[in-house]
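The values are calculated or read from the model by the stated rules, or taken from the named source; none is laboratory data. All values reported here derive from a predicted model rather than from experimental measurement. So basically every Cβ, Gly included, is an ideal-geometry build from the backbone, and we count neighbours across all protein chains shown. Just the protein is used for accessible areas: all its heavy atoms, side chains included, with ligands, DNA and RNA removed. Shrake-Rupley method; radii C 1.70, N 1.55, O 1.52, S 1.80 Å.
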Amino acid sequence: MAEPPKLRVLMVSDFFFPNFGGVENHIYYLSQCLLKLGHKVVVMTHAYGNRSGVRYMTGGLKVYYVPWRPFVMQTTFPTVYGTLPIVRTILRREKITVVHGHQAFSTLCHEALMHARTMGYKVVFTDHSLYGFADVGSIHMNKVLQFSLADIDQAICVSHTSKENTVLRSGLSPAKVFMIPNAVDTAMFKPASVRPSTDIITIVVISRLVYRKGADLLVEVIPEVCRLYPNVRFVVGGDGPKHVRLEEMREKHSLQDRVEMLGAVPHSRVRSVLVTGHIFLNSSLTEAFCIAILEAASCGLLTVSTRVGGVPEAFFFHGLQVLPDDMVVLAEPDPNDMVRAIEKAISILPSINPEDMHNRMKKLYSWQDVAKRTEIVYDRALKCSNRSLLERLSRFLSCGAWAGKLFCMVMILDYLLWRLLQLLQPDEDIEEAPDIRLCDQRDVEVSEGLKEEDKVRNG
């Protein structure tokens, strides 16, 4: 008979597969590694198209695609209390012990954390992004974050820069915030068996084509680099509002044969695109921690990136630089400086050894290590004392003269609705779901990959 799970974790976010992105990959890989460590992991997200209901993924990862449709930017419409019944049902059915929310943009995450705390569950939040303080959108988001984090047990950020940003925005005690970086699946992102010829230098860009990702910088950088280097071509993967600007740039400078636009690239195809190139270009204007850079480095590509947010931290480990200057070139988010950085990258390209870079990434970045460090955060959360409703309300009152009172009213009503649901449907009437663990060949491969990863790190 199988041993019972150590912990039962509910991952909650609006961002999960089949959508692709850094948050989606983080949740998936972290969940898979937690499953290997003997925990039960369940994911809750909104429906994607006709994907609704309960689905199982590799290793027995159970996913609830609740019947809420995305409102804007893949986030659900904020209902405040509309998700309470289904969140309560999932928590009871799966016998959850820790609720782990991801991404400050996710309304489903904020609502689930609020309901979980009302019901006395331990909650952890991971922030994956950086936000400003001056514009209207950031001010609104920071106040929502302050409300959500006023009553959480522990928080996680993916870089030291992200930690400082989250503490300043939310007023959360730094002692409650842990820094756990992202990782990369080095078993998936491997260099090509035959390195592409350097007669034609290919620069790869894979990113959402939005302002925050520096798409406007690309519009100015690409024509200048193509003018300086006739043997350089660009491959741009991604989609977004700025896609039209890049198409216009390509038409204006007659670069149709030198700038290839791939559109949206599924994560399963990212590696096949990366290995066709020599240099990976990241032009983000703000970034908490760029997983795409790690994936490119793992594939043996020389990286040129803007020096913003937590990007420089991706190349340091325990304060020591792990990728030397001949593996990464950083530039200010300025077109002229980025062109100079690309010139430097092209000059040192002959000295790059893709296999050596891949092996170094394999030793330094591991999702297994991320999972073990996340376990520590869960243990810290479980040791936090339970607080009464009055103690919790006092925390919300400190959020502002008017906002504090509003937050208290929201929490009191949430508490009353939860009690009403208990009267209408007692906890004992909610059927508990059996623990099912699926194991197929892919599951075995993942397990073997983690063991091999552990050997490399310890050897």
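Residues to consider are R380, R360; find the one that is at pLDDT below 90 and open to solvent by 70 Å² or more (accessible area, probe 1.4 Å).
Among R380, R360, only R360 is at pLDDT below 90 and open to solvent by 70 Å² or more (accessible area, probe 1.4 Å).
How many of the residues making up region 127-141 are surrounded by 15 or more Cβ atoms within 10 Å (Cβ to Cβ) and either part of a loop (DSSP other than H, G, I, E, B) or touching a Leu at 6+ places or on another chain (Cβ under 9 Å) (or both)?
Residues in region 127-141 being surrounded by 15 or more Cβ atoms within 10 Å (Cβ to Cβ) and either part of a loop (DSSP other than H, G, I, E, B) or touching a Leu at 6+ places or on another chain (Cβ under 9 Å) (or both): 5 in total.
Across region 108-123, what is the number of residues that are part of a strand (DSSP E or B) and surrounded by fewer than 24 Cβ atoms within 10 Å (Cβ to Cβ)?
1
Looking at (1) over 29 Å from G132 (Cα atoms); (2) modelled with pLDDT of 95 or more, can you tell me which one V204 breaks?
Failing condition for V204: (1).
Within region 133-153, track down each residue that is farther than 16 Å from L393 by Cα, without any contact (Cβ under 8 Å) to a residue 40 or more places away in the chain and in contact with a helix residue (DSSP H, G or I) (Cβ under 9 Å, 6 or more places away or on another chain).
F133, S138, M141, N142
So that you can scan it fast, the table gives a plain yes or no per residue for (1) at pLDDT below 90; (2) in the same structural domain as D14 (by the TED database); (3) touching a helix residue (DSSP H, G or I) at 6+ places or on another chain (Cβ under 6 Å); (4) surrounded by 15 or more Cβ atoms within 10 Å (Cβ to Cβ):
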site	(1), (2), (3), (4)
C33	no, yes, yes, yes
H39	no, yes, no, yes
Y48	no, yes, no, yes
M57	no, yes, no, yes
K62	no, yes, no, yes
V66	no, yes, yes, yes
T79	no, yes, no, no
L84	no, yes, yes, yes
V87	no, yes, yes, yes
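Tally the residues that are touching an Asp or Glu at 6+ places or on another chain (Cβ under 6 Å) and free of Cβ contacts under 8 Å to residues at least 12 places away in the same chain, restricting the search to region 154-184.
0
Run L416 past the list (1) open to solvent by less than 70 Å² (accessible area, probe 1.4 Å); (2) modelled with pLDDT of 95 or more and report the number of the one that doesn't hold.
Against the list (1) open to solvent by less than 70 Å² (accessible area, probe 1.4 Å); (2) modelled with pLDDT of 95 or more, L416 comes up short only on (1).
Which of the residues that make up region 278-299 are within 22 Å of E343 (Cα to Cα), open to solvent by 10 Å² or more (accessible area, probe 1.4 Å) and assigned to a loop (DSSP other than H, G, I, E, B)?
Listed by number, the list holds a single entry, L285.
Would you confirm whether or not region 216-224 contains a residue that is in contact (Cβ under 8 Å) with a residue 24 or more places away in the chain, assigned to a strand (DSSP E or B), open to solvent by 20 Å² or more (accessible area, probe 1.4 Å) and not assigned by the TED database to the domain that holds E375?
Scanning region 216-224 turns up no residue that is in contact (Cβ under 8 Å) with a residue 24 or more places away in the chain, assigned to a strand (DSSP E or B), open to solvent by 20 Å² or more (accessible area, probe 1.4 Å) and not assigned by the TED database to the domain that holds E375.
How many residues, within region 411-434, are of a type outside the set (D, E, K, R) and out of contact with any helix residue (DSSP H, G or I) (no Cβ under 8 Å at 6 or more places or on another chain)?
Summing the residues that are of a type outside the set (D, E, K, R) and out of contact with any helix residue (DSSP H, G or I) (no Cβ under 8 Å at 6 or more places or on another chain) in region 411-434 gives 9.
Can you spot a residue in region 60-79 that is under 24 Å from C384 (Cα atoms), among the β-branched types (V, I, T) and outside any helix (DSSP H, G or I)?
no
Quick check on region 225-239: of everything there that is without any contact (Cβ under 8 Å) to a residue 60 or more places away in the chain and outside any loop (DSSP other than H, G, I, E, B), which residue is surrounded by the fewest Cβ atoms within 10 Å (Cβ to Cβ)?
Of everything passing the filter in region 225-239, R227 is surrounded by the fewest Cβ atoms within 10 Å (Cβ to Cβ).
What is the residue count in region 168-179 for residues that are surrounded by 19 or more Cβ atoms within 10 Å (Cβ to Cβ) and of a type in the set (A, V, I, L, M)?
Of the residues in region 168-179, 2 are surrounded by 19 or more Cβ atoms within 10 Å (Cβ to Cβ) and of a type in the set (A, V, I, L, M).
Can you go through V54, V43 and tell me which one is of a type outside the set (D, E, K, R), assigned to a strand (DSSP E or B) and touching a Leu at 6+ places or on another chain (Cβ under 8 Å)?
After ruling out the rest, the residue left standing is V43.
When the residues of region 254-274 are filtered to those that are β-branched (V, I, T) and modelled with pLDDT of 95 or more, which remaining residue is surrounded by the most Cβ atoms within 10 Å (Cβ to Cβ)?
Out of the qualifying residues, it is V259.
Just one of the numbered conditions (1) open to solvent by 20 Å² or more (accessible area, probe 1.4 Å); (2) part of a loop (DSSP other than H, G, I, E, B); (3) more than 16 Å from I27 (Cβ to Cβ) is not true of F105; which one?
If we test F105 against (1) open to solvent by 20 Å² or more (accessible area, probe 1.4 Å); (2) part of a loop (DSSP other than H, G, I, E, B); (3) more than 16 Å from I27 (Cβ to Cβ), just (3) comes out false.
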